[in-house]
Amino acid sequence: MEVKWLLAIVHLLGMAIGVGSVWARGRALAGTLDKPGISRVLTADNWWGLSAILLVVTGLLRAFAGYEKGTEYYVMNNFFNLKMALLIGIVLLEIWPMITFIRWRIAGGRGQAVDTSRASLFSWVSTAQAIMLVVMVVFATGMARGFGMG
Ligand code: HEM
C-alpha cells in the first residue's frame, strides 16, 4: 500500500517537473542564446531528463508490476493506449533536440561555440511537448477512473 502511494507521488511529481521543465526549455530557447541563455536551456533540459526517468520508471511499475489495476486492465484501455501513443510522439520529437543538446554540451565543455541555428524550431517542439503532456493528463485521469474501456 505504501509502495503504491509512493509510486503515485513520484509519478505526479515527475509530471509536474516535466511540464515545468520542458516549458522552461522552450522559453529559454526563444530567448537570447548567450552563455547564460544556453546554460538556462541546458539546466531545463537536465530537469526534463530527470522527469522522463521518474515518469517512465514509476509508470511502468504502476502499469505492469501489479501495483494498480494489473496489466490486463491497461493494455485493454483505449485511454492508456492513447496516453502511450502521445508518449511515443513526445519521444520521437525529442530525438533531434536531444542529439543537438548533447552536441552543445560537448562544444561548451571544449570552450567551442555552439550551433544555435535550430533554437526556434526546438522552442516550438518543447512547447508542443508541454501541451502533449497536458493532454496525457486528461487520458491518464480518465483511464484511472474506468473511462476508455471501449
Ligand atoms: C511509460 C510511461 C508511463 C506509464 C506506463 C504510465 C502508467 C500509469 C499508470 C499505470 C497510472 C495509474 C492509473 C491508475 O490509477 O489506475 C498512471 C497515472 C497517471 N499518469 Fe502515467 N504513465 C506513464 C507516463 C506518464 C507521463 C509522461 C505523464 C505525464 C503527463 C503521466 C501522467 C499521469 C497522470 C496525471 C496520472 C493520474 C494520476 C494518478 O492516478 O496517479 N504518466 N500512469
Report summary line: For region 134-150, pairs from a residue that is surrounded by fewer than 13 Cβ atoms within 10 Å (Cβ to Cβ) to a residue that is assigned to a loop (DSSP other than H, G, I, E, B), with Cβ under 8 Å and 6 or more apart or across chains, are 149/77; 150/77
Report task. Tell me which residues, restricted to region 99-150, are farther than 13 Å from residue 22 by Cα and either touching a Leu at 6+ places or on another chain (Cβ under 7 Å) or hydroxyl-bearing (Ser, Thr, Tyr) (or both). Result -> 100, 101, 104, 105, 116, 117, 119, 120, 135, 136, 139, 141
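Table: residues versus (1) in contact with a Gly (Cβ under 9 Å, 6 or more places away or on another chain); (2) of a type in the set (Gly, Ala, Ser).
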{"site": "16", "(1), (2)": "no, yes"}
{"site": "29", "(1), (2)": "yes, no"}
{"site": "34", "(1), (2)": "no, no"}
{"site": "76", "(1), (2)": "yes, no"}
Report summary line: Taking region 8-35 and keeping residues surrounded by 19 or more Cβ atoms within 10 Å (Cβ to Cβ) and assigned to a loop (DSSP other than H, G, I, E, B) leaves none
Query raised in the report: Hey, any hits in region 115-131 for a residue that's at negative phi, within 11 Å of the ligand (Cβ to nearest atom) and in contact (Cβ under 8 Å) with a residue 24 or more places away in the chain?
Result: yes
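Is it the case that some residue within region 69-76 is more than 16 Å from the ligand (Cβ to nearest atom) and open to solvent by 40 Å² or more (accessible area, probe 1.4 Å)?
So the first thing to find is which residues in region 69-76 are more than 16 Å from the ligand (Cβ to nearest atom), and the list is none.
Checking region 69-76: not a single residue is more than 16 Å from the ligand (Cβ to nearest atom) and open to solvent by 40 Å² or more (accessible area, probe 1.4 Å).
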Query raised in the report: Hey, does region 77-94 have a residue that's in contact (Cβ under 8 Å) with a residue 24 or more places away in the chain, open to solvent by 90 Å² or more (accessible area, probe 1.4 Å) and farther than 19 Å from residue 11 by Cα?
Result: no
Query raised in the report: For region 50-150, list the helices (runs of 4 or more DSSP H) that sit wholly inside it and hold at least 2 residues that are under 14 Å from the mean Cα position of the chain (by Cα); which are they?
Result: 78-109, 119-144
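The values are calculated or read from the model by the stated rules, or taken from the named source; none is laboratory data. Given the structure is predicted, the values throughout are model-derived calculations rather than measurements. Positions of Cβ are backbone-derived with ideal geometry, glycine not excepted, and every protein chain shown enters the neighbour counts. The accessibility values were calculated without ligands, DNA or RNA, using every heavy atom of the protein model including side chains. Shrake-Rupley method; radii C 1.70, N 1.55, O 1.52, S 1.80 Å.
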